[in-house]
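The values are calculated or read from the model by the stated rules, or taken from the named source; none is laboratory data. These numbers come from a predicted model, not from an experiment. Glycine gets a Cβ as well: all are built from the backbone with ideal geometry, and neighbour counts include every protein chain shown. For accessibility, only protein heavy atoms count, side chains too; no ligands or nucleic acids. Shrake-Rupley method; radii C 1.70, N 1.55, O 1.52, S 1.80 Å.
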Amino acid sequence: MYYKVLGAFFLFFSKIKYSLFGYASPKAASVEECIDYDIRTVNLWLFYLALYTQQKDYIKGKTVLELAPGAGLGTGISLLAKGVEKYYSIDIKNLARDVSPNLYDEFLNYLERNNKDSNIDFIYEELEKFKSGEQCRIKYICRDDFDIEDSFEEESIDIVFSYAAFEHFDDIEKTIEQLSVVCKPGAVFIAQVDLQTHSRWIRDRDPNNIYRFSEKFYNLLYFRGIPNRVRPYRYREILEKCGWKDVTIAPLTKLDGRFKEKKNYLVHKFRNPKNQMNVLSIMICAKKR
């Protein structure tokens with residue numbers, strides 16, 4: 001009961017904060033932390049992409065779409081350095097404008113030191129074109145309605161990447177339906193999803209706290225970006241319904257022994273074994289028919 005009350009307080013506080021200030025930018029991080037985060041994210045995607053496609057250089061020459069990239073274009077820069085033809089992204093808020101002015105210079109310096117095959121001059125030129133609004137291989141779209149279908153051409157995307165974003169989408173099915181329109185036949189979907197509680201303090205002590213509440217009570221605390229509580233089996237169902245095949249869902253992190261005794265405190269709808277409540281984060285891979 002203690003964690004349930006505490007979890008409700010954190011959700012209520014988040015709702016009030018959103019009502020007063022709207023969508024909040026992520027906490028400031030150093031340039032080094034931003035670069036490290038983006039590099040780790042891209043490496044994780046590419047590991048699972050290679051595992052799924054059985055091709056090491058599958059990404060080369062492809063048009064990539066990243067959903068909700070957050071602050072900065074670091075992942076896009078890294079993907080371009082690895083041979084992506086075009087990098088597209090879409091988000092609801094323009095967080096790229098808030099990054100440190102020297103982030104991209106430092107990022108390019110990092111790539112030059114660690115990726116000898118990277119064409120740094122080419123990436124620098126593309127960034128300069130992007131900053132000046134010229135046509136280039138980077139497209140960063142910000143729109144409050146997050147309308148993917150209206151933002152990109154039909155059957156123009158080869159690969160969709162996402163990291164810690166799908167759990168914040170209000171309508172997973174609509175998002176995947178729109179992806180099905182803009183993706184080419186045979187396009188690959190690679191998405192990491194964080195399934196657990198997002199409130200920082202309680203996350204470490206009660207990872208499944210958000211699943212303690214009834215649907216009615218949770219909806220009362222709704223604010224845009226609240227974790228949607230969609231479980232792995234539903235992602236499979238939605239993807240297959242929307243025209244994707246060969247869906248694989250790999251657990252990335254799981255509950256450890258400390259939390260097993262708390263299962264009975266989950267609201268009834270999440271006690272069914274199909275929900276895999278021991279799974280805290282997943283990597284989803286799929287291919288468009």
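General observations
- In angstrom, the C-alpha Rg and Dmax of region 1-140 are 17.9, 58.
- DSSP bridge pairs, the chain: antiparallel proportion in percent, nearest 5: 45 percent
- Under the Karplus curve 6.51 cos²θ - 1.76 cosθ + 1.60, θ = phi - 60°, whole-Hz ³J(HN,Hα) for region 141-155, x wherever Gly or Pro sits: 10, 10, 8, 5, 7, 6, 7, 5, 4, 7, 9, 9, 5, 4, 6
- A simple rule links phi to the HN-Hα coupling: the Karplus curve 6.51 cos²θ - 1.76 cosθ + 1.60 with θ = phi - 60°, which for region 245-253 gives 10, 6, 6, 10, 10, 9, x, 9, 9 Hz, with x for Gly and Pro.
- Our summary of shape: the Cα atoms of region 129-209 have principal axis extents of 47, 33, 21 Å, ordered from largest down, in whole angstrom.
- Rounded percent of accessible protein surface that carbon and sulfur make up, the chain, 1.4 Å probe: 50 percent
- Residues whose amide H falls under 5 Å from that of S281, counting only those 5 or more places apart or on a different chain, are L195, L252, T253, with hydrogens built in the peptide plane.
- Placing pseudo-labels 7 Å out from each Cα toward the beta carbon at V230 and K15 gives an inter-label distance of 2.2 nm.
- Sites K274 and N219, calculated FRET efficiency, Cβ-Cβ separation with R0 30 Å, nearest 0.05: 0.85
- Accessible area of the chain divided out per residue, in Å², using a probe of 1.4 angstrom: 52 Å²
- Other-chain or far-sequence residues with amide H under 5 Å of E66's (modelled H): Y88, S89, I90, F161
- For region 188-249, alpha-carbon Rg over 2.2 N^0.38 Å: 1.32
- Using bins of 5 Å that start at zero, the share of Cα-Cα pairs per bin across region 86-161 amounts to 3, 12, 19, 22, 22, 12, 7, 2, 0, in whole %.
- Note on the chain: with charges restricted to the Cβ of Lys and Arg (+1) and Asp and Glu (-1), its dipole about the Cα centre is near 1760 debye.
- Greater than 27 Å apart at Cα, pairs in K56/K241; K86/K174; K4/K254: K56/K241
- Estimated FRET transfer efficiency when R0 is 35 angstrom, pair Q135-D204 (beta carbons, to 0.05): 0.15
- Base-10 log of normalised Debye intensity for region 202-289 (one unit scatterer per alpha-carbon) at q = 0.26 Å⁻¹: -1.35
- The chain: most fluctuating residue of G61, G133, G72 per GNM, C-alpha cutoff 10 Å: G133
- On full extension, the segment bounded by L6 and H168 gains 56.2 nm, given 0.36 nm per residue less the C-alpha separation.
- Ranking by accessible area, most exposed first, for K269, K245 with a 1.4 Å probe: K269, K245
- Extension gain, K245-A29: 0.36 nm per intervening residue step, less the Cα-Cα distance, totals 73.9 nm.
- The order of C285, C142 by accessible area, most exposed first and with a 1.4 Å probe, is C142, C285.
- D121 accessible area, 1.4 Å probe, all protein chains in place, Å² to nearest 10: 110 Å²
- For L73, L220, the ranking by accessible surface with the largest value first comes to L220, L73, using a 1.4 Å probe.
- Counting only the Cα atoms, the chain fills a convex hull of 140 Å³ per residue.
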